[in-house]
Amino acid sequence: MSLKRNLGLDILSEKYAYATDETTGYTSARKIPDNWVATSCGYCSVGCGMFVGVKDGRAVAVRGNPAHPVNSGTLCPKGLAEHYTLEAPDRVKYPLLRKNGKFTRISWNEALDAMAENFLAVQAKHGPEALGVISTGQLVTEEFYTLGKLVQLGFGTSNYDGNTTLCMSTAVSGYKRSFGSDGPPGAYEDLQKADVVFLIGANIAENHPILCQHLEANPRKTLIVADPRVTKTAMISDVFLPLKPRSDIALINGMIHVLIQAGMIDRDYIAHHTTGFEELAQAVRKYTPRYVSEITGLEEELILKVAFLYGNAKAAFIGWTMGVNHSTKGTETVNAINNLALITGNIGRDGASPFSITGQCNAMGTRESGFASSLPGYRKFENADDRRELAHLWGIPQERIPAADWPIPTLSRPRLRKRFARSG
Ligand code: SF4
């Protein structure tokens, strides 16, 4: 530290100077950029629109994009700190190759050559399916699509996944089991249009803060929150259900039971759009309010109250996140949620939807553009028409599109059989 600084004569006036920015107003002079670059927040799945302020080639500030429909110019604390990640000291900025046990910086050309060489060598020796690709939830959709195409056509394997199977596999499976596709049938706009919003295993006030703006913009709604913890979201609810951990299926089945008994179901919707209603009714017969109360720890009156609130709604929205998805019974819970929406016809209308709120900013990107369990556009590996259509769009022979059992039958099943025979 300089003598002037030690004596208090240097107050770092340049560093702490203030000035007026024409967009943001009176602010730290260091944070006034040369230009603002439009982008999206890379943290959570709300996908807020933002501008990054760039000065002398460095990101120095961020601000919300007022024209973006999701956040209308606001950002949560995570988004407001987004630009700091660009200069994090441990950020990886160049390709690194492990040489003699140590990471060494290499050029992009060297990196591409090394990857191509190693991928080809592995596939030449063990077959196309010996290669797998794990991506993330942070790419933009166009990148996901390109990566999926590279893996499925270039590498010739369907061994490709993003964060989807780590955090969202139960939502994927639950949607697929209920609807045959894992495209969520709702949207964030539904939060503003529903008259009942039921959040289960979702703490949006802390994890997806800007979604609370959508709730606030809907003063007519009743907010029901089911969570074993008194979260910040629970604190803003109209009805809080502090249920015991792992008792959410019982709660949903109990609501279904109550609504069937009370005749508060949409028989027309059930008849035209569902199968298996009688089996469901039979399966939930034992989930009386008393039985559900014993499992969940909730008062019987509370169970009846939320069932009637949901059943009387003109448009009811159920949102969930990892509290459901990461449960050991996550898929079944998603199915139970979908069942509740289906028997009341709360799907396919404004404000009415069972909706999995994802974690990462573009967790849906992998699912939409093709990965381990589907082809781009939610087309199915197991559907020949889907494969034919995609081959036509891509201008390639259909045989090059991975099928459900592809490429295992031709390449590795005999080896697997041999291995099992040996181990048996
Ligand atoms: S709500 Fe999510 S997307 Fe929006 S600023 Fe916060 S972290 Fe970013």
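The values are calculated or read from the model by the stated rules, or taken from the named source; none is laboratory data. The structure presented is a predicted model; accordingly, all values stated were derived computationally and were not measured. Here the Cβ positions follow ideal geometry from the backbone for every residue, glycine too, while neighbour counts run over all protein chains shown.
Summed over the range 214-236, residues that are of a type in the set (A, V, I, L, M), touching a strand residue (DSSP E or B) at 6+ places or on another chain (Cβ under 9 Å) and within 16 Å of the ligand (Cβ to nearest atom) total 2.
Would you point out the residue of the range 258-270, among those that are without any contact (Cβ under 8 Å) to a residue 40 or more places away in the chain and in a helix (DSSP H, G or I), that is surrounded by the fewest Cβ atoms within 10 Å (Cβ to Cβ)? So the residue we want is R267.
For the range 137-176, the candidate set comprises residues that are hydroxyl-bearing (S, T, Y) and under 11 Å from the mean Cα position of the chain (by Cα); within that set, the residue that is modelled with the highest pLDDT is S169. Among the conditions (1) crowded, with 16+ Cβ neighbours inside 10 Å; (2) in a helix (DSSP H, G or I); (3) not assigned by TED's automatic domain parsing to the domain that holds M322, the only one that E117 does not satisfy is (1).
Pairs meeting the criteria (first residue in the range 271-296 and of a type in the set (F, W, Y), second residue in a loop (DSSP other than H, G, I, E, B), beta carbons under 9 Å, at least 6 apart or on different chains) are F277/I265.
A count restricted to the range 237-263 and to residues that are among the aliphatic types (A, V, I, L, M) and out of contact with any strand residue (DSSP E or B) (no Cβ under 7 Å at 6 or more places or on another chain) stands at 9.
This table checks each residue for (1) in a loop (DSSP other than H, G, I, E, B); (2) of a type in the set (F, W, Y).
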position: L153; (1), (2): no, no
position: L166; (1), (2): no, no
position: S173; (1), (2): no, no
position: P184; (1), (2): yes, no
position: F198; (1), (2): no, yes
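Here V46 meets each of (1) in a loop (DSSP other than H, G, I, E, B); (2) more than 13 Å from the ligand (Cβ to nearest atom); (3) surrounded by 15 or more Cβ atoms within 10 Å (Cβ to Cβ) with one exception, condition (2). Residue check: N362 meets all listed conditions (1) under 24 Å from P209 (Cβ atoms); (2) surrounded by fewer than 19 Cβ atoms within 10 Å (Cβ to Cβ) but one, namely (2). Here G359 meets the list (1) without any contact (Cβ under 8 Å) to a residue 12 or more places away in the chain; (2) closer than 29 Å to A315 by Cα almost entirely, failing just condition (1). Take the conditions farther than 29 Å from N163 by Cβ, of a type outside the set (G, A, S) and either within 16 Å of the ligand (Cβ to nearest atom) or without any contact (Cβ under 8 Å) to a residue 40 or more places away in the chain (or both) and apply them to Y26. Does it pass? Yes, satisfied.
Would you confirm whether any residue within the range 195-206 is of a type in the set (F, W, Y) and closer than 18 Å to N325 by Cα? Yes. L75 satisfies every condition listed in (1) away from the ligand (no atom under 16 Å from the Cβ); (2) among the hydrophobic types (A, V, I, L, M, F, W, C); (3) in contact with a Lys or Arg (Cβ under 9 Å, 6 or more places away or on another chain) except (1).
A single entry from L199, L243, L211 fulfils the requirement of being more than 16 Å from the ligand (Cβ to nearest atom) and touching a residue at least 40 places away in the same chain (Cβ under 8 Å): L243. Does T39 meet the test of being of a type outside the set (D, E, K, R), closer than 25 Å to A217 by Cβ and in a strand (DSSP E or B)? Spelling it out, T39 is indeed of a type outside the set (D, E, K, R), closer than 25 Å to A217 by Cβ and in a strand (DSSP E or B).
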